[in-house]
């Protein structure tokens, strides 16, 4: 899928680029972002992912989009200032794009042809939907957001909800699995941990959400070694 990597984009600071230049040949999590959404605190988790794995063949790419209730209304400069000052974002971002409809950027026409875990392809449903692509430009996985489950009963967004923390990342066996007595769990690979972190199950701090599932299906997918993130392909 090198064609996807060749698609032209414009960076948030107005410079022409391509998908491949933004990802630098690495595996990448492409995310449509917004600054005024209940899911906006996910910037913290995305930056944590980027910081931990950027030297091991992984990056996050943020795609600002104002198509969902106008929750990304700012200029490019305002978006950059907000992301840097509020969440310390260092991963690459593009100019504002449309992800659905007749004005959808060619990148999203390609990405949205990929089905999610339920087998459904089609339009992006909300802010912070995620597509995981490998270093060759193949789409490995798609993660839908669940906005109805990150609101408090008062209707206000939960500031703590669904923000991954390093302490919560799986360190041993795959999510939900236990090691046999007397044996240490094998370390999870970087790619497996990325998949686990990007699972948007509702967190226990959100009063409107049920308890998270112990073993999300995509956390059980075969993962690559840390050194091979950029070349991962779907099994």
How big, in percent, is the set of alpha carbon pairs in segment 1-61 lying more than 17 Å apart?
47
Within segment 1-24, whose backbone N sits under 17 Å from a point 7 Å along Cα→Cβ of residue 36?
none
Cα-based radius of gyration of segment 27-102 once divided by 2.2 N^0.38 Å, which approximates compact folds
1.07
Between residue 136 and residue 116, 0.36 nm times their residue separation minus their Cα-Cα distance comes to what?
5.2 nm
For segment 1-154, take every pair of Cα atoms, bin their distances at 5 Å starting from 0, and report each bin as a whole percent.
2, 9, 19, 24, 23, 15, 6, 1, 0, 0
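Each reported figure results from applying straightforward, stated rules to the coordinates on display, with no laboratory input. Just so you know, these numbers come straight off a predicted model, no measurement behind them. In this analysis, Cβ positions are derived from the backbone assuming ideal geometry, glycine residues included, and neighbour counts consider all displayed protein chains.
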